[in-house]
Amino acid sequence: MSNKKIEINGAIYPYIMSIYLGKKCDGKEGGFTLQSDFVPELSLNLPRDAFLIYLQNEVKNNNKKEMDLLEKYAYGVKLTDAEYMNIISLIMTPVNRNWSLNNDGDILSPFGLCLKMTKMEKRL
């Protein structure tokens, strides 16, 4: 991709629900145990954040095919029939849509996300 800058307005992606991951923090004050509010460590607006994380990963991984198509689209360059077919092949991928499968309570996997936890942080 060239040195042109592409800014993506996240508001163009749909926002259906929010998920907050974190824990409750209890404290003590004057010898009494206080139950404080929930402290989110990570919040997601789905499916909007799934789209944005996908685009960030494509830039980070330097996926030339997708970045070239995104650049052409962003700058209004007319796409060829072959480029339209490439776009369709990227978005029309076969996925398992059986929502009744046991996913062990993983609410992120249907959106193509997974949470990785290290000693230092939680990452998507």
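Screening region 72-109 for residues that are part of a loop (DSSP other than H, G, I, E, B) and among the aromatic types (Phe, Trp, Tyr) and picking the one that is modelled with the highest pLDDT gives Tyr75.
For region 1-47, filtered to residues that are aromatic (Phe, Trp, Tyr), closer than 21 Å to Ser109 by Cβ and part of a strand (DSSP E or B), the residue that is modelled with the lowest pLDDT is Tyr20. Somewhere in region 59-71, is a residue modelled with pLDDT of 80 or more, farther than 17 Å from Ile8 by Cβ and surrounded by 10 or more Cβ atoms within 10 Å (Cβ to Cβ)? Among the residues of region 59-71, at least one is modelled with pLDDT of 80 or more, farther than 17 Å from Ile8 by Cβ and surrounded by 10 or more Cβ atoms within 10 Å (Cβ to Cβ), which makes the answer yes.
The values are calculated or read from the model by the stated rules, or taken from the named source; none is laboratory data. What you see is a predicted model, and the numbers here were worked out from it, not measured in a lab. Neighbour counts run over all protein chains shown; Cβ positions are idealised from the backbone, glycine included.
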